[in-house]
1. What number of residues within the range 16-54 satisfy the criterion of being free of Cβ contacts under 8 Å to residues at least 12 places away in the same chain and closer than 19 Å to residue 118 by Cα?
2. May I ask you to verify whether residue 13 is without any contact (Cβ under 8 Å) to a residue 12 or more places away in the chain and not assigned by TED's automatic domain parsing to the domain that holds residue 155?
3. Of the conditions (1) free of Cβ contacts under 8 Å to residues at least 60 places away in the same chain; (2) assigned to a helix (DSSP H, G or I); (3) loosely packed, with under 15 Cβ neighbours inside 10 Å, residue 59 clears all except one; give me its number.
4. Given 71, 90, 26, which one is outside any helix (DSSP H, G or I) and either out of contact with any helix residue (DSSP H, G or I) (no Cβ under 7 Å at 6 or more places or on another chain) or not assigned by TED's automatic domain parsing to the domain that holds residue 188 (or both)?
5. All but one of (1) part of a loop (DSSP other than H, G, I, E, B); (2) loosely packed, with under 12 Cβ neighbours inside 10 Å hold for residue 80; state the number of the condition that does not hold.
6. When the residues of the range 93-125 are filtered to those that are touching a residue at least 24 places away in the same chain (Cβ under 8 Å) and either assigned to a loop (DSSP other than H, G, I, E, B) or in contact with a strand residue (DSSP E or B) (Cβ under 8 Å, 6 or more places away or on another chain) (or both), which remaining residue is surrounded by the most Cβ atoms within 10 Å (Cβ to Cβ)?
7. For the range 1-23, which residues satisfy the criterion of being surrounded by 12 or more Cβ atoms within 10 Å (Cβ to Cβ) and assigned to a helix (DSSP H, G or I)?
């Protein structure tokens, strides 16, 4: 059973890597895209380590893999230009921006929200090794999401100091919103809060 699970995990890992390579063909924003993929490599290392140890539950592994896919798509279009609304209109005839009253490209907001949801199980597994109560593990995992989210926004701020103005703007994807970091952190907070509530409800049941 464990061997079969590892084969499935390997297939998912190879598929994610292949998608990453595929999206690098004829890049729209070459320099900025490859800068985004520093994060892709760091995220892939989580899956790569688990392929050797096979410790992560399948749902946790899949959640991290799905988040990497979302990030890879964002990296292709440096987040600010992901044509999700055009795709939605073409496939489903739905204008997402009109429904949500969005006047900017909201893909980065969606990914920050997804981070709070998709990475929460991974942190629960990670901190679950401390043999704390379920409630304490949930709280620590929730706080970890906020910490990582804050550190990432600080990293983006440091890039604005090191890189040129246009390059920093392209990477950060603020799109003229001076409150972009705060809004990103709030969305990660909301996503992780939903997961925290779900885990606590499941614990009581």
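1. Qualifying residue count, the range 16-54: 4.
2. Against the criterion (without any contact (Cβ under 8 Å) to a residue 12 or more places away in the chain and not assigned by TED's automatic domain parsing to the domain that holds residue 155), residue 13 does not qualify.
3. (1)
4. Details: 71 fails: outside any helix (DSSP H, G or I); 90 fails: outside any helix (DSSP H, G or I).
Only one candidate passes the filter, namely 26.
5. (2) is the only condition that residue 80 fails.
6. Restricting to residues being touching a residue at least 24 places away in the same chain (Cβ under 8 Å) and either assigned to a loop (DSSP other than H, G, I, E, B) or in contact with a strand residue (DSSP E or B) (Cβ under 8 Å, 6 or more places away or on another chain) (or both), the top hit is 119.
7. Matches in the range 1-23: 5, 6, 8, 9, 10, 12, 13, 15, 16, 17, 19, 20.
The values are calculated or read from the model by the stated rules, or taken from the named source; none is laboratory data. This one's a predicted model, so the numbers in the text were calculated from it and none came from an experiment. Cβ sites come from the backbone with ideal geometry, for glycine too, and all protein chains shown count toward neighbours.
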